[in-house]
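Trainee: Take this structure first; my questions come after.
Just so it is clear, none of the values below were taken in a lab; they were calculated from the coordinates. The model shown is predicted, which means the values in this text are computed figures rather than measured ones. All Cβ positions, even for glycine, are placed from backbone atoms using ideal geometry, and neighbour counts span all protein chains on display.
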Amino acid sequence: MVSLHTFVETVLPTDPLVRRRVASLRRILLQQWANLYERVFSAYGAHLRLDRGITFNDLAQKFSTIACGAFVRSQTRDDADSSTDGDMLGQLVVDLLPAFITISTAEIETRRPQQPAAEKY
């Protein structure tokens, strides 16, 4: 599905119908990611850094941009190189988290949930 989305968006970037549908789909998906980040980070006691002035939607947009770039890059690589993209994506997220969330890099692998993640359907 991601490949089809990327293909359509790349081949027909100025088509008004494509732009509206892609924007609508992106908003829906980003909101779902933002909801997930808020539930999970809150459960771990890691909250947004208020001094950055961002929302969970902003965070979802940033992570999505990084993931899309890694996806596009992976499409032009041999299978032997594809794990590098996954590793790089994970490391980028780990490196960026302390800039936006109240957690240090050292705590990322050791912090345990402080409360159950709220279920939201």
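Trainee: Determine whether the stretch 36-43 contains at least one residue that is within 27 Å of residue 110 (Cβ to Cβ), surrounded by 14 or more Cβ atoms within 10 Å (Cβ to Cβ), of a type in the set (Ser, Thr, Tyr) and out of contact with any helix residue (DSSP H, G or I) (no Cβ under 9 Å at 6 or more places or on another chain). It would help to see each step written out before you state the result.
Mentor: Initially, the stretch 36-43 is screened for residues within 27 Å of residue 110 (Cβ to Cβ), giving 36-43.
Now restrict to residues that are surrounded by 14 or more Cβ atoms within 10 Å (Cβ to Cβ): 36-39, 41-43.
Those still in the list that are of a type in the set (Ser, Thr, Tyr) too: 37, 42.
Checking which are out of contact with any helix residue (DSSP H, G or I) (no Cβ under 9 Å at 6 or more places or on another chain) leaves us with 42.
Within the stretch 36-43, one or more residues are within 27 Å of residue 110 (Cβ to Cβ), surrounded by 14 or more Cβ atoms within 10 Å (Cβ to Cβ), of a type in the set (Ser, Thr, Tyr) and out of contact with any helix residue (DSSP H, G or I) (no Cβ under 9 Å at 6 or more places or on another chain).
Trainee: Sticking with this one: Which numbered condition trips up residue 51, out of (1) under 18 Å from the mean Cα position of the chain (by Cα); (2) under 19 Å from residue 99 (Cα atoms)?
Mentor: Going through the list (1) under 18 Å from the mean Cα position of the chain (by Cα); (2) under 19 Å from residue 99 (Cα atoms), residue 51 breaks only (1).
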